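The values are calculated or read from the model by the stated rules, or taken from the named source; none is laboratory data. Here the structure is a predicted model, which means the values were calculated and not measured. Here the Cβ positions follow ideal geometry from the backbone for every residue, glycine too, while neighbour counts run over all protein chains shown.
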Amino acid sequence: MRRFLLITALIVLATSQMQAQSSHHPIPISRQGFHDNIDKEQAAAAKFDGKADDLVKVSEDQTTNLQVTNALIKEVDDMQQEIEDNDSLDHRLKVKYLSAIYVMVKDYNQKRARSKIDPEEAPAMVAAFRNMMHADIKGQSILPYINHLSYDASERIIESFQDNPGYKEARGQVFTKYAFNNLETVMPKLVDYLNYPGTDSVIAAVARKYPNQILTYATSYTPMATAIKRNQDPIVQQIVRIGQSPQSTRILPFIDELLAGTTTVEKLEPIVDNDYQYFRQMVKSTIALQKMKSDGQNPYGLKAMMENMQAKSLLYIRSVNDLHEEPAPVRFAIVKNFTPEELYYLIINGQEELYTSSYTNHNNAGLYDQMMLRMKPPRGDSLLMMVNFDRFKKFIAMAAGFNTLDNFLKSMAPENSNYLMQKYVQNLEKTEDLEDAVDVANSFGSIRDEKLLEFLRVEVKKNLNYVRKHNDKRGTVIYQLLSSLFETESKSENDSSKATDMAAKLQLPPINYVTFNTLESDSGRVYQQVFFYGDKDGQESYASFMTNFPSSDWRVSKNKYWTTITSLKGKPTTIYANLPTDEPADKEAISKLSEYLDENDIHPTIFIHRGHSYHINTTLDNLQSSAKIVVLGSCGGYHNLATVLEKSPEAHIISSKQVGTRFVNEPIIHSLEDQVRSGKNVDWVIMWAQLTKRFAGDARNKDLFSDYVPPHKNLGAIFIKAYKQIMKDEKK
């Protein structure tokens, strides 16, 4: 009987579905194109993971995947049919709502590719859209249906309802979601909301965290400048007064002293007009601001001060780097009058570009060498006290990386060096980001002093026990990971065994190789994107890069914005490289290429940055979540590693401790291309052993190559990956 009832129920269900389908209105050819556009975006969503199936995979949780798939496929299909079946809607309105659906799904896909939206938010987006569409059809406000959406999910959806009675209020509410949670990026968007309530509060909030942005707009000839000048907040008004000086950008970091009345704009102007006096004053003020911070105050100008000081530091460092073949008196002449604390700030601000020979060399002329020699007496603990221990963990990590940590620690009494290293690994759980913890992780691979390593191993375990005792989950994860990295890195095994043990212990996928099938698209082709920039170095790098593709092995074609390089032998491989057109047209070339890749549903798995560190943000902005291999080719600072892994969690990262050079970049890239075309797994241990052998006889570039970090040795990146994975599992 049960079987009979089940069969009967299925027959009834099938019959009702056939009747429902037969009652659907046919789609007229005048609107078929709109449906086709939606279908294309639905297919792109399902194919995002490289598999052309009917599942939209956004996580490892199958229930979540099914919910997202149901929203983007079935519910979107239902809405399309609902629009066609609604006889109260004329052609214009049906086109309006179909276009809106297309915009929603396309926006979701594009933001997901750039990791600018939580892909699990799709069901909420589709449900909210459906409710807004129903309200709009009835002439009711869309406002109640955006409350539970994030800014990124709702910003484009509401734009399809601009003639809705609730649109203006909804737009203001959506913007509010963004403003106070994104003060660093809100100002360009604020231009469209100058007459909305709350604008003055947003401007005042930005002034306290990012005063340089307020200064930029205050000195412009725009409606935003008017809004800022009429703002009565005292800090905003002080920035407006600074903006009246021709040296405003240099004076802004001293805003705390101006507010306190200890100096004036008039006194600062002649100081900041002289490069060395300006740098010297920034060092003095930074030390004072760090003292304020350690006393629990919140100095307004500290971020701007650090940014200005880093920019000025890099100019000095590049000057020293560029003269690397000159005698020491010539090479280091620009810093001959610097005090030990000024050299200290040059060093910690130059992490991403400092040559090894600029930091220390056999003539004791390097920045570190001179910093120690100019101290009277040469005691590292005294120096750190002078700078209020500002970023001392960064300095210790750099000293470890450049093999001067032992020298620095021996410059002080043993009890003080022990205390310093205790502090180095303490309180890592209390920082806003993971930068200090990543620095500690990176230093593990550089320290060779067994006694110091054992001391740090014990201290890490002490901190682990402490955070466990206090039920600090974040701290427990940080110190447990450091302990595991420390134990694995200390083993006397070969690199492959270490990497395998580390991946197993940290519950990560393999870290010493990338399987070839993860690099392939669903068509079996490997796509790559290479970024070049329009300065002299970028144009030379591009010209040199293009010599690596002989016509017997590769087909090369160009258009106005990029070059397409396609393999003729081996596994199918296509490389897209934007043309290094003169700045700022190079950014347009990159943008046009990224648009082309999006529109053609091309998701590269290999991304290569060729350019100075100051171009890296543009490359990272265009990085897709599909990346499996990322060659930074310039610098591997914490923030770059974190950004890559935020966008591309599975990426294996090759980076350099210093400025990249094409004489090293190209052999690495050439080796990588050979591996890819062979169809083999990209084995970093084997590849690096071959490269090490190749550079052994290259006196000019051997030291430069030694500063490149392969993925299986990139302890900072491995730490970030493991941390993110554990925290994700904890959240589940």
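Summary of computed values
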quantity	calculated
Failed item in (1) under 30 Å from ASN600 (Cα atoms); (2) surrounded by fewer than 21 Cβ atoms within 10 Å (Cβ to Cβ); (3) not small (Gly, Ala, Ser), with PHE129 passing the rest	(2)
Residue within segment 53-64 that is in contact (Cβ under 8 Å) with a residue 40 or more places away in the chain, out of contact with any Ser or Thr (no Cβ under 8 Å at 6 or more places or on another chain) and either assigned to a helix (DSSP H, G or I) or closer than 18 Å to ALA128 by Cβ (or both) present	yes
Options SER313, SER319; residue that is free of Cβ contacts under 8 Å to residues at least 24 places away in the same chain, surrounded by 12 or more Cβ atoms within 10 Å (Cβ to Cβ) and within 30 Å of the chain's Cα centre (by Cα)	SER319
Output for segment 354-379, where each listed residue is within 30 Å of PHE705 (Cβ to Cβ), of a type outside the set (A, V, I, L, M, F, W, C) and in contact with a Phe, Trp or Tyr (Cβ under 9 Å, 6 or more places away or on another chain)	THR356, SER358, TYR359, THR360, GLY366, TYR368, ASP369, GLN370
Condition met for VAL467 (free of Cβ contacts under 8 Å to residues at least 40 places away in the same chain, in a helix (DSSP H, G or I), within 27 Å of ASP295 (Cα to Cα) and among the β-branched types (Val, Ile, Thr))	yes
Residue selected from segment 693-717 under the condition of a type in the set (Phe, Trp, Tyr) and part of a helix (DSSP H, G or I), by the criterion nearest to LEU482 (Cα to Cα)	PHE705
All positions within segment 514-543 that are outside any loop (DSSP other than H, G, I, E, B), under 21 Å from HIS652 (Cβ atoms) and more than 23 Å from the chain's Cα centre (by Cα)	PHE516, ASN517, GLU520, VAL526
Single match in PHE607, PHE532 (criterion: hydrophobic (A, V, I, L, M, F, W, C) and touching an Asp or Glu at 6+ places or on another chain (Cβ under 8 Å))	PHE532
Residue satisfying all of: in segment 575-622; acidic (Asp, Glu) and within 27 Å of GLN310 (Cβ to Cβ); surrounded by the fewest Cβ atoms within 10 Å (Cβ to Cβ) among these	ASP582
Residue count for segment 193-232, restricted to those that are crowded, with 18+ Cβ neighbours inside 10 Å and either under 21 Å from GLY261 (Cβ atoms) or not polar (S, T, N, Q) (or both)	14
Some residue of segment 75-86 being part of a loop (DSSP other than H, G, I, E, B), more than 28 Å from the chain's Cα centre (by Cα) and not assigned by TED's automatic domain parsing to the domain that holds GLU599	yes
Helices (runs of 4 or more DSSP H) contained in segment 572-661 and holding at least 3 residues of a type in the set (A, V, I, L, M, F, W, C)	585-599, 638-647
Residue match in segment 492-500 (condition: over 30 Å from ASP54 (Cβ atoms), in contact with a Phe, Trp or Tyr (Cβ under 9 Å, 6 or more places away or on another chain) and among the basic types (Lys, Arg))	no
Residue in segment 667-675 that is of a type outside the set (Gly, Ala, Ser), in a loop (DSSP other than H, G, I, E, B), surrounded by 19 or more Cβ atoms within 10 Å (Cβ to Cβ) and not assigned by TED's automatic domain parsing to the domain that holds LEU314 present	no
Number of the exception - THR63 against (1) crowded, with 16+ Cβ neighbours inside 10 Å; (2) closer than 23 Å to SER150 by Cα	(1)
Enumeration of residues in segment 136-176 that are touching an Asp or Glu at 6+ places or on another chain (Cβ under 9 Å) and charged (D, E, K, R)	ASP136, ASP152, GLU155, ARG156, ASP163, ARG171
Every residue from segment 326-375 that is surrounded by fewer than 19 Cβ atoms within 10 Å (Cβ to Cβ), of a type in the set (Ser, Thr, Tyr) and at pLDDT 90 or above	THR339
Residues (among the hydroxyl-bearing types (Ser, Thr, Tyr) and closer than 17 Å to ALA52 by Cβ) located in segment 505-537	THR518, SER521, SER523, TYR527
Helices (runs of 4 or more DSSP H) enclosed by segment 163-215 - at least 2 residues per element that are outside the structural domain of ALA100 (by TED's automatic domain parsing), more than 24 Å from the chain's Cα centre (by Cα) and touching a residue at least 12 places away in the same chain (Cβ under 8 Å)	199-209
Residue match in segment 597-607 (condition: over 21 Å from THR515 (Cβ atoms) and among the aromatic types (Phe, Trp, Tyr))	no
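Let's see how each residue does on (1) hydrophobic (A, V, I, L, M, F, W, C); (2) under 24 Å from GLU650 (Cα atoms); (3) surrounded by fewer than 18 Cβ atoms within 10 Å (Cβ to Cβ):
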site: GLU454; (1), (2), (3): no, no, yes
site: ILE478; (1), (2), (3): yes, yes, no
site: LEU482; (1), (2), (3): yes, yes, no
site: THR488; (1), (2), (3): no, yes, no
site: ASP495; (1), (2), (3): no, yes, yes
site: ALA504; (1), (2), (3): yes, yes, yes
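Conditions tested, residue by residue: (1) small (Gly, Ala, Ser); (2) touching a strand residue (DSSP E or B) at 6+ places or on another chain (Cβ under 7 Å); (3) at pLDDT 95 or above; (4) not in a loop (DSSP other than H, G, I, E, B).
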residue: LEU98; (1), (2), (3), (4): no, no, yes, yes
residue: ILE101; (1), (2), (3), (4): no, no, yes, yes
residue: ALA128; (1), (2), (3), (4): yes, no, yes, yes
residue: LEU149; (1), (2), (3), (4): no, no, no, no
